[in-house]
Amino acid sequence: LRAHSCAARRRMSYHGCFLGETGSGKTYKARQLAASFRRGRVPVLAFVPPGHAWTEATWQTYDPDAFLTKVNASRQCAVFIEFSDAEVGKFDVGFTRLFTWSRNFGHRCFMIAQRHTQANPTIRDQCR
């Protein structure tokens, strides 16, 4: 378990994204990474659509306000966000700030989307 914890903490140094068309495996890969963080005792916060429960997540919702409140009140978490044009706008300031300010709180954020253009350019620039 110690090796998982050390490896998970080392991976906390940058943000990332999972991009691809429907069925390409982006959510599957994101959930595998989330499970790795959980094994390393890193809390996992997930913003996912209703009906898409992530057993790998410590906490999840699809309420944008509740999600931002939870992330801002937490520290050193792996944060996964499934982008949806219906709930999170491309220029949503709160979600953009997650990627620009969250390192100050020890978070690592991951965007999951079909196209990189679904996210604000500032978010895209923060991902490796």
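The values are calculated or read from the model by the stated rules, or taken from the named source; none is laboratory data. Please read these numbers as outputs of a predicted model, since none were measured by experiment. Glycine gets a Cβ as well: all are built from the backbone with ideal geometry, and neighbour counts include every protein chain shown. These accessible areas exclude ligands, DNA and RNA; they are computed on the full protein's heavy atoms, side chains included. Shrake-Rupley method; radii C 1.70, N 1.55, O 1.52, S 1.80 Å.
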Subset of region 58-81 (residues that are crowded, with 22+ Cβ neighbours inside 10 Å and of a type in the set (Gly, Ala, Ser)): Ala78
Which numbered condition Val48 fails, given (1) of a type in the set (A, V, I, L, M, F, W, C); (2) open to solvent by less than 70 Å² (accessible area, probe 1.4 Å); (3) out of contact with any Ser or Thr (no Cβ under 9 Å at 6 or more places or on another chain); (4) modelled with pLDDT under 95: (3)
Residue within region 96-117 that is among the basic types (Lys, Arg) and crowded, with 18+ Cβ neighbours inside 10 Å present: yes
